[in-house]
Amino acid sequence: MIRVLAVDDHPLLREGIAALISTEEDMELIGEASNGREALDLFRKLHPDITLMDLQMPEMNGIDAIGAIRGEFPEARIIVLTTQPGDVQVSRALRAGARAYLLKGMLRKELLDTIRAVHAGQKRLSSEVAVEIAEHAADDALTPREIDVLRLVVVGNANKEIAARLSLTEVTVKSHVKNILAKLGANDRTHAVTIALKRGIIDL
């Protein structure tokens, strides 16, 4: 019997997962959590075979929760369930220790097979996610400083304000913005923000 823990801050999604799993003879839902902190506590108590993990949650997000769980239980098998196919987000989740990455829109089709595959020691990615990763495989990654600048662009700061906030010169900020646009293939600052959000480089 594959023992499953579901972690998502939306009760309706957890109900949907429970309904899917309840029809299967080889798996059971043994617990539900609504954020990463609860997930870590429940994992310690229940030691599930498979953990289904959302990424965007209050208190502790999914990536931090994956890192925390895997830090204590390196053998933990975690499947990410999210609405976000962004390649950077996927890479972060896989680096944190996730063994599969599924989009919520594909749950009905792919969830049960993915649970069995990961339980058997395999790794899985939704096809849409794999396409995103392949598309950006050769892209230059933004530096941590460029990401700092981009986060301040998102909330509407002009170059002068960004320079003051980060203790940089305005010329340096302009150079960072130019590099960001080039690396993301963006036409302007707004376009850069849209791309960065879609790829999971930053979140709101």
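Taking a ≥ b ≥ c as the square roots of the eigenvalues of the Cα gyration tensor, region 9-122 is rounded, since a/c falls below 1.5. Computed from backbone phi, the HN-Hα couplings of region 49-58 come to 6, 9, 10, 9, 10, 6, 9, 8, 9, x Hz, rounded to whole numbers (Karplus: 6.51 cos²θ - 1.76 cosθ + 1.60, θ = phi - 60°; Gly and Pro given as x). Between 0 and 90 degrees, rounded to the nearest ten: what's the tilt of helix 189-199 against the longest Cα principal axis of the chain? So the inclination is approximately 20 degrees. Rounded to the nearest whole Hz, the Karplus-based 3J(HN,Hα) values (6.51 cos²θ - 1.76 cosθ + 1.60, θ = phi - 60°) of region 155-161 follow the sequence 8, x, 6, 7, 3, 4, 5, with x at glycine and proline.
Cross-link reach is defined here as a Cα-Cα straight distance under 27 Å, omitting same-chain residues fewer than 8 places apart; for Lys123 the lysines meeting it are Lys45, Lys104, Lys109, Lys198. Karplus-derived 3J(HN,Hα) values for region 28-37, using 6.51 cos²θ - 1.76 cosθ + 1.60 with θ = phi - 60°, are 9, 8, 9, x, 9, 9, 10, 7, x, 5 Hz; glycine and proline are entered as x. Extension gain for Thr172 to Leu13 (0.36 nm times residue separation, less C-alpha to C-alpha distance): 52.7 nm.
In the chain, the C-alpha radius of gyration followed by the widest Cα-Cα span (Dmax) gives 19.1, 63 angstrom.
Computed about the Cα centre, the dipole magnitude for the chain is approximately 620 debye when only Lys and Arg (+1) and Asp and Glu (-1) carry charge, each at its Cβ. Between Thr194 and Ala130, the simple spin-label model (points 7 angstrom out along Cα→Cβ) gives 2.9 nm. Each of Leu204 and Ala164 was given a label point 7 Å from its Cα along the Cα-to-Cβ line. The distance between the two points is 2.6 nm.
Near Ala182: Cβ cut-off under 12 Å, other residues only, Lys/Arg at +1 and Asp/Glu at -1. The net charge is -1. Computed over the chain with a Gaussian network model linking Cα atoms closer than 10 Å, the most mobile of Leu107, Leu81, Leu46 is Leu46.
Each reported figure results from applying straightforward, stated rules to the coordinates on display, with no laboratory input. As the structure is a computational prediction, the values presented were derived from the model and not from experiment. Please note: Cβ atoms are built from the backbone with ideal geometry, for glycine as well, and neighbour counts cover all protein chains shown.
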